[in-house]
Amino acid sequence: MNLDPNRSIPRRQAHRGPSLVARAAAVLLLAVLAQTTYPAAQAGVPGPPAGPAGASPQQPPKPASQPAPAAAQPPGVPVIFQGEELFRVYGPVGPFSAADRARLAAERLQRLVSDPMFDPALVSIVNGETTSDLVYAGQVLGVITDADSQAAGVPRPERARRALERVRATVVRVREERSAWNVVVGRVVAAAATIALFVVLWLLGRARRWLRARIQSSDRAIRLQKAEIIGRDRLALLLSRLVLLGVVALRLAAVVIWAAIVLAALPRR
């Protein structure tokens, strides 16, 4: 057996050299295979379930948004009667602006309070195509339009019905509140008018007696060129009758005025 080291080393180098090259080539091949197979493996990994075709990818839930504020309601013009708002009007009707409509409605309601023959049952609604009229005995008290109803968010017939109920109840209440006071004031006025009537009648009686005494004490007569046409006695009688007629007429006038004042002062039921 040859144990010379000088002769064995070249053989080992010659044998070891090809083995190292083969190993390096194998490592390089494995690296290339790993680079090509890794994306494919990633593609095979199941992801989140896809939505329906054409649907956008799911987004994370958003926080609930606050509701949008409601549109501000136009203020309108209130119909104020005895310090109470009955209803509102929001637009013009013909030549009348909203302010004119509110003012005219309040004035017409005031006349109802002063009407001694007022009947609440006669307050009614007349519905038209675009308006609903509040009517009393043929007189229009107020008008509810489509614009008024849209601004208030209430159907026009329902809004007119509510306005009718408030108008009727308010007028009746005001009349009842005024009735007791009106009775007291009316009685005071009637008493004062009666006292004034007696004073006037007494003064007229005094004036008649004074004029009659003056006429009787006079000795005058109506003459024409020294000819006596009406004598003293006849003239005194004629003047006395004229004074009497004048006093009677004034007394009748005083009584008529007194009756008118008393009837207007005392409430009629």
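Quick look at the values:
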| quantity | calculated |
| --- | --- |
| Residue under evaluation V123, criteria (1) under 16 Å from I80 (Cβ atoms); (2) surrounded by 14 or more Cβ atoms within 10 Å (Cβ to Cβ), criterion not met | (1) |
| Among the candidates S132, S149, residue that is modelled with pLDDT under 90, touching a Ser or Thr at 6+ places or on another chain (Cβ under 9 Å), among the polar types (S, T, N, Q) and surrounded by 15 or more Cβ atoms within 10 Å (Cβ to Cβ) | S149 |
| V189 being on the phi < 0 side of the Ramachandran plot, in contact (Cβ under 8 Å) with a residue 12 or more places away in the chain and part of a helix (DSSP H, G or I) | yes |
| A190 modelled with pLDDT of 90 or more, surrounded by 13 or more Cβ atoms within 10 Å (Cβ to Cβ), among the small types (G, A, S) and in the same structural domain as V255 (by TED's automatic domain parsing) | yes |
| Selection status of R101, in contact (Cβ under 8 Å) with a residue 40 or more places away in the chain, outside the structural domain of A253 (by TED's automatic domain parsing) and either over 19 Å from L263 (Cβ atoms) or in a helix (DSSP H, G or I) (or both) | yes |
| Complete set of residues in the range 104-128 that are assigned to a helix (DSSP H, G or I), hydrophobic (A, V, I, L, M, F, W, C) and more than 14 Å from V140 (Cβ to Cβ) | V113, A121 |
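The values are calculated or read from the model by the stated rules, or taken from the named source; none is laboratory data. From a predicted model like this one, the values you see are computed outputs, not experimental measurements. We place every Cβ from the backbone using ideal geometry, glycine too, and count neighbours over all the protein chains shown.
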